[in-house]
Amino acid sequence: LVRVQWFEGWLQKGQPASLFLAGFFFPQALFTGVAQAYALRHGVAIDQLGQLTLPVPALRAPEHAHAPPADGLYVHGMLIEGARFDAASGLLAEAEAGELMSPMPLLHLRVLPKEEVDQAKAAQQTYDCPYYVTNERQGQLATTGHSNNFVMMVNLPTNVEPRHWVLRGVALVAQT
């Protein structure tokens with residue numbers, strides 16, 4: 001119902017500032033489209049591009065985004081399992097006691113030349129967090145070569161070794 005209402009709003013009011021990623025049936029195609037648009041706009045070969053996806057702590061909910069970013073997309077609708085995102089510090093943090101999942105702030109999905117992605121990742125330590133459609137964390141490969149459950153890796157800023165979050169099984173999910 002939420003998916004249908006969200007797409008209906010997009011149809012009636014135009015493109016929203018933030019896209020409800022959990023509502024897309026095949027979000028990987030959306031990312032390919034963003035990469036193709038960047039490649040055409042900047043005259044860069046698509047195979048020279050990389051993806052950087054970082055949380056925007058100031059945008060805790062879709063209504064806080066008043067316009068799409070100049071480059072890339074704002075996306076929302078994800079939950080984090082095994083940890084939480086602390087908007088005050090802008091870092092990944094331990095989950096609150098008894099909290100299995102917590103909402104993520106909006107993410108800024110950016111497509112950049114691979115060198116710029118590498119520089120941005122080197123500037124701040126991040127945990128490459130897997131994003132799944134469901135919290136089952138397993139899937140089957142489709143004929144496209146994509147998993148029907150794994151979507152992408154998201155770069156979450158952290159002040160501890162990424163291995164810490166791997167051992168906790170931290171992942172983003174669209175639906176429980």
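The values are calculated or read from the model by the stated rules, or taken from the named source; none is laboratory data. Worth saying up front: this structure is predicted, and the values here are computed from it rather than measured. Counting neighbours? That spans all protein chains shown, and the Cβs are built from the backbone with ideal geometry, glycine included. Note: accessible area is taken over every heavy atom of the protein model, side chains too, but ligands, DNA and RNA are not part of it. Shrake-Rupley method; radii C 1.70, N 1.55, O 1.52, S 1.80 Å.
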Taking a probe of 1.4 angstrom, what is the accessible area of H64 in Å², to the nearest 10?
90 Å²
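Show that you can apply the helix-only estimate: for the chain, add -39,500 (n - 2.57) for every DSSP H stretch of four or more residues, divide by all residues, and state [θ] at 222 nm to the nearest 500. Present the calculation step by step, with values, prior to reporting the outcome.
Values: 4 runs with 45 residues, N = 176.
After summing the helix terms and dividing by residue count, I get -8000 deg cm²/dmol.
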Based on the mean of other beta carbon atoms within 10 Å per residue, what is the order of 85-94, 43-52, most packed first?
85-94, 43-52
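Taking every DSSP beta bridge with both residues inside the chain, roughly what % is antiparallel (nearest 5)? Provide the component values of the computation, followed by the final result.
Working: 27 of 33 bridges.
Antiparallel bridges: around 80 percent, rounded to the nearest 5.
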What accessible surface, in Å², does a 1.4 Å probe find on Y127, ignoring ligands, DNA and RNA and rounding to the nearest 10?
10 Å²
Per residue accessible area in Å² of segment 42-176, where ligands, DNA and RNA are left out and the probe is 1.4 Å
53 Å²
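Under a 1.4 angstrom probe, counting protein chains only, how are T32, T134 ranked by accessible area, largest first? Spell out each step's value before the answer.
On the way: T32 65, T134 40 Å².
The ranking, largest first, comes out as T32, T134.
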Sticking with the crude label model, points 7 Å out along Cα→Cβ, report the distance from Q15 to S89 in nm, one decimal please.
3.6 nm
Could you give the nm distance between label points at Q36 and L100, where each point is 7 Å from its Cα heading toward the beta carbon?
3.9 nm
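Students sometimes get this wrong: rank R84, R3 by accessible area, probe 1.4 Å, all chains present, largest first. Spell out each step's value before the answer.
Numbers: R84 60, R3 100 Å².
Solvent-accessible surface, decreasing: R3, R84.
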Counting only the heavy atoms of the protein chains, how much of M153 is accessible to a 1.4 Å probe, in Å² to the nearest 10?
80 Å²
